[in-house]
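K.L.:
Before we start, here is the structure in question, set down as structure tokens.
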Amino acid sequence: MADTRPKRRHSDEQITKKREKEKERAKSRIYIGKAFKRWREHRRQKGFQSHIQVALFLLDRLNAVWFF
């Protein structure tokens, strides 16, 4: 059954805050293009709960190879 509640209107202040938050968030994004499918599969195989865990795992592995 469809939700029949009226749409909530946001104030200009709320919209501005949301845009600012999104702008900050966009600064930390990276684009991995075609590698995303492999990234997602690796995340699933290793049982990671977040993209942060995948990134840290891969950085740790890279450091182990470079510095030993």
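Conditions tested, residue by residue: (1) surrounded by fewer than 11 Cβ atoms within 10 Å (Cβ to Cβ); (2) part of a helix (DSSP H, G or I).
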| site | (1), (2) |
| --- | --- |
| 21 | yes, yes |
| 28 | yes, no |
| 34 | yes, yes |
| 43 | no, yes |
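K.L.:
Take the residues in the stretch 25-47 that are within 20 Å of residue 61 (Cα to Cα) and charged (D, E, K, R), then tell me which one is farthest from the chain's Cα centre (by Cα).
P.N.:
My answer is 46.
K.L.:
If you go through the stretch 8-19, how many residues are in a loop (DSSP other than H, G, I, E, B) and charged (D, E, K, R)?
P.N.:
Number of matching residues: 2.
Coordinate-derived values only; no laboratory data. Note that the coordinates shown come from a computational prediction; the quantities given were computed from them, not determined experimentally. All Cβ positions, glycine included, derive from the backbone under ideal geometry; neighbour counts span all protein chains shown.
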